[in-house]
1. Here is a check on your reading of the model: is THR26 open to solvent by 60 Å² or more (accessible area, probe 1.4 Å), within 16 Å of the ligand (Cβ to nearest atom), under 25 Å from GLN149 (Cα atoms) and among the polar types (S, T, N, Q)?
2. What are the residue pairs meeting all of these: first residue in region 141-166, first residue touching a residue at least 60 places away in the same chain (Cβ under 8 Å), second residue within 11 Å of the ligand (Cβ to nearest atom) and among the charged types (D, E, K, R), Cβ atoms under 6 Å, and 6 or more apart or on different chains?
3. Are any of the residues in region 185-203 surrounded by 14 or more Cβ atoms within 10 Å (Cβ to Cβ), farther than 24 Å from GLY144 by Cβ and out of contact with any Lys or Arg (no Cβ under 9 Å at 6 or more places or on another chain)?
4. Restricting to region 134-147, and then to whatever is crowded, with 22+ Cβ neighbours inside 10 Å and within 11 Å of the ligand (Cβ to nearest atom), can you tell me which residue is farthest from the chain's Cα centre (by Cα)?
5. Anything in region 155-172 that is over 21 Å from GLY33 (Cα atoms) and either open to solvent by 90 Å² or more (accessible area, probe 1.4 Å) or among the charged types (D, E, K, R) (or both)? List them, or say none.
6. For GLN218, all conditions in the list (1) surrounded by fewer than 16 Cβ atoms within 10 Å (Cβ to Cβ); (2) in contact (Cβ under 8 Å) with a residue 40 or more places away in the chain hold save one; what is the number of the exception?
7. Just give me the residues in region 40-59 being aliphatic (A, V, I, L, M) and surrounded by fewer than 21 Cβ atoms within 10 Å (Cβ to Cβ), in sequence order.
8. Please state which of the following conditions ARG131 fails to meet, knowing it meets all the rest: (1) within 11 Å of the ligand (Cβ to nearest atom); (2) under 19 Å from ALA238 (Cα atoms).
Amino acid sequence: MKVLKTVEAVRAFRRSLSGSLGLVPTMGAMHEGHLSLVRLARERCDAVLVSIYVNPTQFNSTADYQTYPRALEDDLAMLTSLDVAAVFQPTDRIIYPDGMVTTVKVAALGAHWEGAYRPGHFDGVATVVARLLNITTPDLACFGEKDYQQLLVVRRLVRDLNMAVEIIGGPTIRETDGLALSSRNALLTATERSRAPHLNQALDNAARLIGRGRPAPQVLEDEMAALTDRGFEVDYLALVDGATLETISDPKPGARLLVAAHLGSVRLIDNRAL
Ligand code: PAF
């Protein structure tokens, strides 16, 4: 497995390939969710490139950026065993060269939910993803459905800028108790970790009750109250149109439940189809 550190090295690697290339962009601290995306890319492409870059512009708190888990050696060991052709591990200077003045903003889709609670987050995501796609020029790129809004933002970015890449969403991978895998789970204390599955349970309860015909606004209010009782500070639990992310009060095909909540100092997000 090659470890590429410059744009020139990535371009030379790209030119050396005769078949298709799948990109899996990550911020490292790999878990089974990332590895499942690597396998997805490998099934569809002749070669897989994984980028590892903790992108500072998508963090809206310095503390969150500084404490974000980093585990480069373990990451490289895991990827080597998965038939990954190369890892792109750029520096800040490569992604944000001196004098860079162009950024990307995905207006409507990036404005609410995570965008409202983390101002500037999706501008940072869209800008780094656009740069990674332009540097690596893959045939397809894989993103986890766990970050559902991010997946929609990236799809929209690619569509609006006519980028010649297919975006694939990979299913959320969960612990046996239902907690969605996330690099941030490593930051939970033992007590918080034991409570964390309630987030997914709130989504499942809400889906079941709304599916049985209970009014969604009441169900969501009750589930938010239950999460608060269990020590979460809830940012939102919402029923949305799965394509536009606009709030809806009645279920419809493609509807999605989104949740974000703090548990101690860790902010967790999750979602599911209704
Ligand atoms: O999902 C992530 O890990 C990041 O947001 C991404 C897509 C790698 C961009 O930095």
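The values are calculated or read from the model by the stated rules, or taken from the named source; none is laboratory data. Please read all numbers here as calculations on a predicted model, not as lab measurements. When we count neighbours, we look across all protein chains shown, and the Cβ atoms used for this are built from the backbone with ideal geometry, even at glycine. Side chains included, ligands, DNA and RNA excluded: accessible areas come from the protein's heavy atoms. Shrake-Rupley method; radii C 1.70, N 1.55, O 1.52, S 1.80 Å.
1. no
2. GLN149/GLU114
3. no
4. ALA141
5. Once the filter is applied, which keeps residues that are over 21 Å from GLY33 (Cα atoms) and either open to solvent by 90 Å² or more (accessible area, probe 1.4 Å) or among the charged types (D, E, K, R) (or both), region 155-172 yields ARG156, ARG159, ASP160, LEU161, ASN162, ALA164.
6. Result: GLN218 fails condition (2) only.
7. LEU40, VAL54
8. Condition (2) is where ARG131 drops out.
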